[in-house]
Each structure stands twice: as C-alpha cells, then as structure tokens.
1. Can you list the helices (runs of 4 or more DSSP H) lying wholly within region 15-97 that have 3 or more residues being more than 16 Å from the ligand (Cβ to nearest atom) and farther than 15 Å from Leu122 by Cβ?
2. Within the bounds of region 163-183, is there any residue that is closer than 29 Å to Ala74 by Cα and surrounded by fewer than 16 Cβ atoms within 10 Å (Cβ to Cβ)?
3. Among the residues that make up region 110-125, is at least one of them open to solvent by less than 20 Å² (accessible area, probe 1.4 Å) and at positive phi?
4. Does region 15-26 hold any residues that are open to solvent by less than 50 Å² (accessible area, probe 1.4 Å) and modelled with pLDDT of 90 or more, and which are they?
5. Hey, does region 105-124 have a residue that's aliphatic (A, V, I, L, M), over 15 Å from the mean Cα position of the chain (by Cα) and at pLDDT below 95?
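The values are calculated or read from the model by the stated rules, or taken from the named source; none is laboratory data. Please read these numbers as outputs of a predicted model, since none were measured by experiment. We place every Cβ from the backbone using ideal geometry, glycine too, and count neighbours over all the protein chains shown. Keep in mind that these areas ignore ligands, DNA and RNA; they rest on the heavy atoms of the full protein, side chains included. Shrake-Rupley method; radii C 1.70, N 1.55, O 1.52, S 1.80 Å.
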Amino acid sequence: MENRLRLAAEEYVENLFRHNAGGHDAAHTFRVRGLAMALAQTEPTCSRDIVELAALLHDADDPKLFPTEDLANAQAFLVQNGVAPDEAERILHAIRSVSFSRNQGRAPDTLEGMIVQDADRLDAMGAIGIARTFAYGGEHGRSLDSSIQHFYDKLLKLKDLMNTPAGKKLAEERHAFLNAFLDELESELHNSG
Ligand code: NI
C-alpha cells in the first residue's frame with residue numbers, strides 16, 4: 001500500500017475517535033490493525049492491503065458510536081482517497097462481514113474478513129480484554145458484577161469462534177489468561193468476605 005494512503009487512514013481514525021475513550025477508541029483500531037497484519041503473515045493468499053484498510057476502518061461506522069448508514073464513513077474515506085472501486089468494495093465487504101457475523105453468528109466469507117474478525121476478537125481477550133471490559137463498565141455506570149458477567153456472556157466464548165489457525169492459537173493463550181484472572185478474582189472475593 002502507498003504510505004500516503006496508510007497515513008491518511010491513520011489520521012482519519014485518530015480524528016474520528018478523538019472524543020471516545022474506553023473500549024472503542026483509536027488505540028483499539030490500531031491494535032486490531034497490528035494483530036490483523038500479524039495474522040495476515042500466516043495467510044499468504046490474503047491481500048494485505050485489503051486486510052490493513054479493513055482493519056483500520058472496521059469500527060468507523062460502529063452503530064454504537066456513529067449514526068451512519070451502509071458504512072458511509074468508510075465509504076467516503078475510500079472514495080476521497082482514490083481507492084479503486086473494486087478494491088473499495090472488497091474492503092467494505094470485509095468490514096460488513098466482521099459486524100454482520102457478530103450479529104448473525106455467521107463466519108465471514110472472505111479470508112480478509114476472517115482475519116480482521118479474529119483480530120477484533122483477540123483485542124477483546126487477554127489482559128487488554130479485561131482492561132477494556134472494566135473501562136467500558138465504568139463508562140456506562142456498570143457494577144463490578146455486571147462487568148464480570150460479560151466475561152461469561154461473551155469473552156469466554158470467543159476462543160471457539162476464531163477463523164484462522166494463527167488466530168485460534170493466540171486466542172487459546174488469551175483465553176487461559178482470562179480464566180487465570182477469574183480464578184484469582186474468585187479467590188480474593190472469597191477470602192475478603
Ligand atoms: Ni472493533
């Protein structure tokens with residue numbers, strides 16, 4: 001990818017999320033990009049450019065943050081920065097499959113979508129996942145118990161939903177860390193009551 005395009009996407013993300021803190025901020029997007037590029041290394045047939053732009057734009061139209069329809073933010077960025085229409089369509093398709101399957105429980109139908117979805121899920125696991133869960137809980141006035149419930153409702157299920165072999169392997173490690181944290185928490189709660 002041309003560096004000009006990469007820099008423009010990074011700047012776009014910084015600006016878009018500048019009023020957000022906690023779970024969904026620019027730092028989350030940049031971690032997802034980093035994880036996605038690491039996974040892409042292990043999948044030689046994927047398009048690295050599609051993976052990188054889809055990762056950078058994957059939350060640009062998150063309905064929890066932006067009132068856009070049909071990925072209008074991502075689309076506008078790609079058009080304004082001269083990305084070829086067929087490439088832009090592949091990027092948008094990958095982004096759509098990441099969130100579509102989040103709602104419908106269906107796996108993405110392209111390798112690039114699978115990679116970005118795995119990266120997004122990995123960022124909800126491990127130490128980062130724990131930090132994000134409590135940051136989000138605090139932001140929304142949730143009790144400690146309700147944040148912990150989120151581990152059982154969502155985070156502990158992610159390991160079995162990974163698409164790529166490299167994603168599965170990283171998810172196993174982060175899953176083990178989540179369990180270790182919950183064990184320690186449980187023992188501290190029991191010994192301080
Ligand atoms: Ni995300």
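1. Passing ranges, in order: 48-57, 72-80.
2. Yes: one or more hits.
3. No, every residue in region 110-125 fails to be open to solvent by less than 20 Å² (accessible area, probe 1.4 Å) and at positive phi.
4. Correct list: Leu16, Phe17, Ala26.
5. Initially, region 105-124 is screened for residues aliphatic (A, V, I, L, M), giving 107, 111, 114-116, 119, 122, 124.
Still in the list and also over 15 Å from the mean Cα position of the chain (by Cα): 111.
Still in the running and at pLDDT below 95: none.
No: zero hits.
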